[in-house]
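Taking it in order: structure first as structure tokens, then the write-up.
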Amino acid sequence: MPGLQLSGLASGLDWKSLVDQLMEIERAPISRIEREQLTNTQRSNALRDLGTKLTALQDAAGILKDQTLFSGRTATSATASSTWKLSPAAGATAGTYSIAVSQLATRARREGAADITSGLAATNDVSGVTLATMRTAGTITAGTFSVNGAKVTVAATDSLQSVFDAISTATGGDVTATYDSVTDRITLDSVSDAEIVLGASNDTSNFLQVLKLSNNGLGTVSSYGSLGSTRTGTALANAGLKTAITAVDGTGAGSFTINGVAIDYNVNTDSLNALMKRINASGAGVTASYDAVNDRMTLANSATGDLGMTLSETAGGVLGALGLTSGHTSVRGENAEFSVDGGPTLISSSNTLDGTAHGITGLSVTVDSETTQSITVAADTAKMRGKIDDFLTAYNAVITYIDEKTRVTTNNDNVSAAVLSSNRDVQNWNRELRSLAFGAISGLSGTIDRLDDLGIDLNREGIMSVKDSAKLDAALADHASDVEEFFTSATTGFAAKFDTRLETLIDSGKDAQDRLGDTNKNLDRQIADLERRLTQQREVLTSSFIAMETAQSQIQQQSAALSRAFGASSSSA
């Protein structure tokens, strides 16, 4: 009879509600265990958060263990606009120094002969030379340029001669243009001998600039330099160099040395760009560059100072073709010259003057101007103070948190206990850290052996702060070595003691969290066991009440049948 599972259908008794109430009473032990679990979770979370704060405090103490913190130095120039780079090392000798630079260090260089490239054409005939293929320093762009106000239009496919003809046409035959293969220059002549005016602000081609033609107020204008320029991206054999490279083998391979470093090349596969990159990366200590405007190679020492540069190759090699072994100009490098505090002139091959050059331990000064500047080296008290303040902040966070989580308060006879109020170990941590913070450090040779010597003290709530800033600043500025010893002594120093003890507290807190976690797992098992029993008990009660409903229903049916039977007999009589 599925319908009899409906509560009170036959009996009129709401037995399902009764079962629910009985089960709720039976669940009381589970509710108690769940409250215990919640308390354990809250305690574990509080210990976790406390562990985070202890770790932050340990990190702050660890920074105070770093000896370079208290030997840190700052260096400043009295010249407000100074571009000198000042780099004081830890422990640099403090003081104020006047550094007078009378000469900066420069690099030695070898400037190759100019015009190492063949001209635009072997003869004065340039009818076969197109603008696109001319070996000039720049690439000529298509467009227009102006001569005496007349526009001349050029395209990359035009020959140089056709452009000359266009100039003559545009100026009504007054201006003629010619090329001289001997000088590798272009000349514009005015037939009327009137001043030639070149260029306009609305020109769109760079023809005049690339061919080095500019106004001079005369009726004749010539290129102000040779026009031929090496094709830096083309193999050396086809780069247009005036001098052929012959000191190579049958494959085109050759070699030379710079400062004793051998550098190989191949005229058939290496371009000038590739050769320069190889020189620069060779370890020869020089930098190679090409000046397209003056058609000149330059080698410069990578290091400054009066240092030599030696080149060696077989006659007919690439260095000769590049004008670096004859016709060149050598410029000696110069050493930096300076004095300190009006003393004798000192010399450095570098513009970075370190202790070996000026005698000031730990100070490096990179100079870039010939001036006199006053440099002050001092203890980096701002950084020291900042790290001490960070420690105080982390310490106070731990103390405040422990006080908050272990507090027991009474209000109108109502007692309120914080989540860790029953944890005597944590309460002891608070007292222990305070004692550790303000105990004296033994075995120190300096004038500082406790925080009070640095102007640091506690208030009534146990919060640590700097009570005497002047005292702390003076200690950091004038007794940095004593402060360093106080904080950084290997095992007995303030920071070391804190670091060691905090490691123990952090581990203890983790162990306590683990124990609480294990306890909650056991409580989970107890709850599961109780839930199973309650489920079984509910099923027994439910079955019993259904049986009761069934019996009640049967009785009611029998009673109704009897009533119908006796009622029918009475009617017959």
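The values are calculated or read from the model by the stated rules, or taken from the named source; none is laboratory data. Keep in mind that what you see is a predicted model, and the values were worked out from it rather than measured. Positions of Cβ are backbone-derived with ideal geometry, glycine not excepted, and every protein chain shown enters the neighbour counts.
Listed by position, the strands (runs of 3 or more DSSP E) inside segment 257-362 whose residues that are out of contact with any Cys (no Cβ under 7 Å at 6 or more places or on another chain), of a type outside the set (S, T, N, Q) and without any contact (Cβ under 8 Å) to a residue 24 or more places away in the chain number at least 3 are 261-266. Consider Thr376 carefully, then state whether it is touching a residue at least 40 places away in the same chain (Cβ under 8 Å), outside any loop (DSSP other than H, G, I, E, B), surrounded by 14 or more Cβ atoms within 10 Å (Cβ to Cβ) and in contact with a strand residue (DSSP E or B) (Cβ under 8 Å, 6 or more places away or on another chain). Yes, satisfied. Val419 meets each of the listed conditions (1) at pLDDT below 90; (2) crowded, with 17+ Cβ neighbours inside 10 Å; (3) within 42 Å of the chain's Cα centre (by Cα) apart from (3).
For segment 403-416, a tally of residues being more than 17 Å from Thr39 (Cα to Cα) and either outside any strand (DSSP E or B) or in contact with a Phe, Trp or Tyr (Cβ under 6 Å, 6 or more places away or on another chain) (or both) returns 3. Restricting attention to segment 210-253, the residues that are crowded, with 16+ Cβ neighbours inside 10 Å and over 19 Å from Leu322 (Cβ atoms) total 8. Flag: Gly305 does not match the condition of being surrounded by fewer than 15 Cβ atoms within 10 Å (Cβ to Cβ) and more than 17 Å from Leu236 (Cβ to Cβ). Do we have any residue at all in segment 107-125 that's of a type outside the set (S, T, N, Q), more than 30 Å from Ala336 (Cα to Cα) and without any contact (Cβ under 8 Å) to a residue 24 or more places away in the chain? No, segment 107-125 contains no residue that is of a type outside the set (S, T, N, Q), more than 30 Å from Ala336 (Cα to Cα) and without any contact (Cβ under 8 Å) to a residue 24 or more places away in the chain.
Within segment 321-334, the presence of at least one residue that is under 30 Å from Ser374 (Cβ atoms), modelled with pLDDT of 95 or more and in contact with an Asp or Glu (Cβ under 9 Å, 6 or more places away or on another chain) is confirmed.
Have a look at Leu227, Leu211, Leu275, Leu218 and point out the one that is closer than 19 Å to Thr133 by Cβ, modelled with pLDDT of 95 or more and not polar (S, T, N, Q).
Values: Leu227 fails: modelled with pLDDT of 95 or more; Leu275 fails: closer than 19 Å to Thr133 by Cβ; Leu218 fails: closer than 19 Å to Thr133 by Cβ.
Just one listed residue meets the conditions, Leu211.
Mind listing whichever residues of segment 127-144 are hydroxyl-bearing (Ser, Thr, Tyr), farther than 12 Å from Val163 by Cα and touching a residue at least 12 places away in the same chain (Cβ under 8 Å)?
Of all residues in segment 127-144, those hydroxyl-bearing (Ser, Thr, Tyr) come to 127, 130, 133, 136, 139, 141, 144.
Restricting the remaining residues to those that are farther than 12 Å from Val163 by Cα gives 133, 136, 139, 141.
Matches in segment 127-144: Thr136, Thr139, Thr141.
In the set (1) farther than 19 Å from Gly228 by Cα; (2) modelled with pLDDT of 95 or more; (3) in a loop (DSSP other than H, G, I, E, B), Asp125 fails one condition alone, (1). Residues in segment 68-82 that are surrounded by fewer than 18 Cβ atoms within 10 Å (Cβ to Cβ), assigned to a helix (DSSP H, G or I) and either in contact with a helix residue (DSSP H, G or I) (Cβ under 9 Å, 6 or more places away or on another chain) or among the hydrophobic types (A, V, I, L, M, F, W, C) (or both): there are none.
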